[in-house]
Amino acid sequence: AQSVTQPDIHITVSEGASLELRCNYSYGATPYLFWYVQSPGQGLQLLLKYFSGDTLVQGIKGFEAEFKRSQSSFNLRKPSVHWSDAAEYFCAVGAPLDYGQNFVFGPGTRLSVLP
Amino acid sequence: SAVISQKPSRDICQRGTSLTIQCQVDSQVTMMFWYRQQPGQSLTLIATANQGSEATYESGFVIDKFPISRPNLTFSTLTVSNMSPEDSSIYLCSVASGSDEQFFGPGTRLTVL
């Protein structure tokens, strides 16, 4: 069965510092990978996605993620964090056009940003 | 992308009552889903809302507790029945329409006393 792990439950960084959020997945085939952000009291917003091709994908708000098949990882990065980036971040894995139980969310990483 | 609205945005309910949550999309979509996000937890899929037929429920969720309607391609409702404090969660509607990604509504924050 497919699964997603996000090893860091909570990360605190200073504003302006770089950020990397880790995501590891287990999937039987080539996965579709996603990063979502959930700001306090808000729904989920898609930051970026990887389906195929270039393993470094660019997303919104200055985020990027790199797919590493050998490590089963899809880590999210940002070179300089802004206070407004404080939120919950979810990694997810899915199959093409399959949104049932095969679309799995990780447990989430809560990001706090110090001024 | 689709724009999704949910009503109500939040509610506080008494034990034993029921609440119906509405999800409205600004365009016709193929698939609609309902998720539950318990406090401090990730998202768990409750069911797929099927237009014109009964919803498809995931393991651990049953129709008597979470009846779902989907009368057309832009609207769905989820009812949380006979509520208990354990039902306190955020309930999110999401949609997909052949683009390999899901779009989420803002969620309904439910507190059961």
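The values are calculated or read from the model by the stated rules, or taken from the named source; none is laboratory data. Being a predicted model, the structure only gives us computed values, none of them experimental. Using ideal geometry, Cβ is built from the backbone for each residue, glycine included, and neighbour counts are taken over all protein chains shown. All accessible areas refer to the heavy atoms of the entire protein, side chains included, with ligands and DNA or RNA removed. Shrake-Rupley method; radii C 1.70, N 1.55, O 1.52, S 1.80 Å.
Overview of values
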{"item": "Straight-distance crosslink candidates among lysines, where the alpha carbon sits under 18 Å from residue A:68 and sequence neighbours closer than 8 are dropped", "result": "A:49, A:78"}
{"item": "Per residue Cα convex hull volume in Å³ - calculated over chain B", "result": "95 Å³"}
{"item": "Segment A:104-114 - phi-based ³J(HN,Hα) in whole Hz, Karplus 6.51/-1.76/1.60, Gly and Pro as x", "result": "10, 9, x, x, x, 10, 8, 9, 10, 10, 8"}
{"item": "Peptide A:41-53 - average C-beta neighbours from other chains (10 Å radius)", "result": "4"}
{"item": "Shielding by partners, peptide B:39-47 (average Cβ within 10 angstrom, other chains)", "result": "5"}
{"item": "Two-site FRET efficiency, residue B:15 against residue B:58, from Cβ-Cβ distance with R₀ of 22 Å, rounded to 0.05", "result": "0.35"}
{"item": "Share of alpha-carbon pairs per 5 Å distance bin for chain A, given as whole %", "result": "2, 12, 24, 26, 19, 10, 5, 1, 0"}
{"item": "Residue among A:43, A:94, A:62 with the largest mean-square fluctuation in a Gaussian network model of chain A, springs linking Cα atoms under 10 Å", "result": "A:43"}
{"item": "Residue with peak Gaussian network fluctuation, chain B [Cα springs, cutoff 10 Å], from B:89, B:42, B:18", "result": "B:42"}
{"item": "Over chain B, relative contact order from alpha-carbon pairs under 8 Å, at least 6 apart, %", "result": "37 percent"}
{"item": "Two-site FRET efficiency, residue B:30 against residue A:11, from Cβ-Cβ distance with R₀ of 45 Å, rounded to 0.05", "result": "0.80"}
{"item": "For the protein assembly as shown: accessible area per residue (Å², 1.4 Å)", "result": "46 Å²"}
{"item": "Accessible area, probe 1.4 Å, largest first, for residues A:77, A:69", "result": "A:69, A:77"}
{"item": "Counting DSSP beta bridges with both ends in chain B, the antiparallel % (nearest 5)", "result": "90 percent"}
{"item": "Between B and A, accessible area buried - total, square angstrom, nearest 100, 1.4 angstrom probe", "result": "1600 Å²"}
{"item": "Fraction of antiparallel bridges per DSSP, chain A only, in percent to nearest 5", "result": "85 percent"}
{"item": "Spacing of the two label points (7 Å from each Cα toward its C-beta) at residue A:54 and residue A:39, in nm", "result": "2.7 nm"}
{"item": "GNM top mover of B:78, B:92, B:43 - chain B, alpha-carbon springs below 10 Å", "result": "B:43"}
